[in-house]
Amino acid sequence: MAAPKGTDEYQKRRRARLLSKRWRRYLRRVRPFGDDEPMPMSHRDLWKKIQRETKGKTPAEELAILERYLSDWPEFKGPYQEMRKKFERRIVELRKIEQVRASSPTHHDPFSVRKRGLAEVAIVGLPNTGKSSLFRSLTGVEAEVADYPYTTLIPNVGMLNLGGFGFEIVDLPPVPDGPLETVPYAAGLKEAVLNANLLCLVVDLKSDAESQIEVIRERLAEIGASPTLTPGTEEGGAGDSGGSHVNRKGTIVFGTKRDQAAEDDLEALRRLLPRAAVFEHPLAESAARPVAEALCRFLGRIVVLARDPDAPDEPLAYAVSAGATVLDLAEQIHKELASKARKGRVWGASAKFPGQEVGLDHRLEEGDTVEILTH
Ligand SMILES: Nc1nc2c(ncn2[C@@H]2O[C@H](COP(=O)(O)OP(=O)(O)OP(=O)(O)O)[C@@H](O)[C@H]2O)c(=O)[nH]1
Ligand SMILES: [Mg+2]
């Protein structure tokens with residue numbers, strides 16, 4: 001019941017009403033989202049705050065921040081809802097970026113133009129010698145394979161993945177029997193070969209190996225590249241330039257169609273190229289590691305296995321610099337692991353006995369298996 005005008009009671013109630021009105025207005029301003037989930041700021045300030053928090057963040061971090069804000073975004077109308085829509089669109093965009101990143105085998109940024117993996121390896125050989133078949137075996141990526149020459153006219157690209165590292169493999173159209181300009185893709189082939197860090201030379205074991213190698217060398221010379229079969233020799237390493245005008249490329253060799261070739265053909269190829277790392281196709285089941293090791297040698301790296309003591313069945317291969325220590329390996333796996341690492345346990349060439357406990361400065365050797373202990 002209203003108090004009669006002029007009475008003290010009337011004045012008291014009026015003051016209370018006014019006060020609560022101002023108070024409510026004040027509260028609305030400082031708590032635009034109401035009392036349940038106070039977010040004490042205007043939409044402009046909120047926008048600025050979110051911009052500040054997301055600035056310079058990785059897509060994953062930005063996604064987490066926006067999702068956190070949107071999870072308790074109120075049903076407030078007006079500019080807040082426009083802002084919500086903007087953030088929702090941004091979230092869709094960020095999720096796409098994350099999806100592409102996660103599906104990229106080496107977790108490199110797919111939008112950057114950098115080569116993926118440790119190095120790019122181009123498969124080079126004459127027509128119909130089994131380059132695309134080899135590419136498929138190494139990468140698991142589908143590529144057209146057929147029993148006639150010039151099946152591949154556009155390069156196929158995939159990754160040879162070793163777990164902790166990988167190489168980008170490029171399956172090229174064939175180098176022709178005759179001069180380079182006899183093929184319409186000569187310019188592209190030249191660029192692809194020069195752009196690769198390493199080469200993988202394919203020799204069909206069913207045909208004469210010596211003449212194939214000679215023709216490939218001639219074509220590479222036309223391109224301005226020279227295969228180097230032995231790492232670390234004065235012939236040059238994997239570097240893009242050996243100091244002269246020829247572009248030296250560390251090169252491994254594959255003898256293909258081994259299953260259809262004569263018994264001795266692979267050995268004959270090895271005798272022909274005694275200083276080269278020569279592999280065979282079809283691939284042996286455990287071929288990926290030795291192939292990666294041979295490629296790594298041109299890069300001054302060795303392959304070691306890191307074994308998580310809590311998941312000993314799934315060691316991961318890593319390519320560390322030759323002469324790397326247990327600590328170097330830990331750093332390569334994860335900065336945090338390196339900061340917590342106390343010592344290592346090693347099996348393999350650098351260990352005095354299997355499972356030897358070693359300090360963090362212990363130097364690793366090719367093929368070692370290492371556990372990094374944090375306590
Ligand atoms: N038996 C056997 N056949 C192979 C092997 N590698 C390739 N082939 C066959 O050889 C033929 C040519 O293989 P591709 O992988 O298309 O050869 P390519 O060098 O990529 O051919 P181009 O792209 O035309 O230069 C196909 O019929 C393959 O099935 C192998 O290791 N063993
Ligand atoms: Mg092919």
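With springs connecting C-alpha atoms under 10 Å apart, model the chain as a Gaussian network and identify which of 16, 143, 225 has the largest mean-square fluctuation. Answer for the Gaussian network model of the chain: 16. Summed over qualifying helices (DSSP H, 4 residues or more, each -39500 (n - 2.57)) and divided by its residue number, the chain shows a 222 nm mean residue ellipticity of -11500 deg cm²/dmol.
With contacts taken as Cα pairs under 8 Å and at least 6 residues apart, the chain reaches a relative contact order of 10 percent.
When DSSP assigns beta bridges and you keep just the ones with both residues in the chain, what percent turn out antiparallel, to the nearest 5?
Numbers: 22 of 49 bridges.
Expressed as a percentage, antiparallel bridges in the chain total about 45.
Can you compute the FRET efficiency between residue 314 and residue 82 using 1/(1 + (r/R0)^6), with r the Cβ-Cβ distance and R0 = 45 Å? Round to the nearest 0.05.
Numbers: r = 48 Å, r/R0 = 1.08.
E between residue 314 and residue 82, to the nearest 0.05, is 0.40.
Placing one equal scatterer on every Cα of the chain and applying the Debye formula, the log10 ratio I(q)/I(0) at q = 0.06, 0.11, 0.13 Å⁻¹ is -0.40, -0.90, -1.07.
Springs between Cα atoms under 10 Å define the GNM used for the chain, and in it the highest mean-square fluctuation of 336, 191, 82 occurs at 82. Across the options 151, 79, 135, the greatest Cα extent toward the positive end of the charge dipole of the chain (unit charges at beta carbon of Lys, Arg, Asp, Glu) belongs to 79. Under 5 Å from the amide H of residue 358 lie the amide H atoms of 344, 345, 346, each residue being 5 or more positions distant or on a separate chain, with H modelled from the backbone and absent for Pro and chain starts.
Neighbouring Cβ atoms within 10 Å as the yardstick, rank 223, 91 fewest first. Walk me through the numbers on the way to the answer.
Working: 223 20, 91 15.
So the residues, fewest neighbours to most, are 91, 223.
About its Cα centre, the dipole of the chain is roughly 4520 debye, where the only charges are +1 on Lys and Arg Cβ and -1 on Asp and Glu Cβ. DSSP bridge analysis restricted to the range 120-297 gives an antiparallel fraction near 20%, rounded to the nearest 5. Computed 3J(HN,Hα) for the range 308-323, one whole-Hz value per residue from the Karplus formula 6.51 cos²θ - 1.76 cosθ + 1.60 where θ = phi - 60°, is 6, x, 7, 9, x, 7, 10, x, 10, 7, 10, 9, 10, 4, 4, x, glycine and proline marked x.
Taking other C-beta atoms within 10 angstrom as a stand-in for reagent exposure, 216, 123 fall in the order 216, 123, fewest first. Remark on residue 118: its backbone amide H falls under 5 Å from those of 166, 167, 168, a criterion applied only to residues 5 or more positions apart or on other chains, H modelled at 1.01 Å from N.
Near residue 247, the amide H atoms lying under 5 Å from its own belong to 225, 226; only residues 5 or more places off or on other chains count, and H is placed 1.01 Å from N. Pairs with C-alpha atoms separated by more than 21 Å, drawn from the list 48/86; 131/190; 96/335; 57/335; 190/257, are 96/335; 190/257.
Distance between the C-alpha centres of the range 44-97 and the range 160-226: 49 Å, rounded to the whole angstrom. Relative protection proxy for 126-135, 347-356, from highest mean packing down: 126-135, 347-356 (other beta-carbon atoms within 10 angstrom).
Computed from the coordinates by the stated procedures, all read-outs in this text should not be read as laboratory data. All values reported here derive from a predicted model rather than from experimental measurement. With ideal geometry, Cβ positions are generated from the backbone for all residues, glycine too; neighbour counts draw on all protein chains shown.
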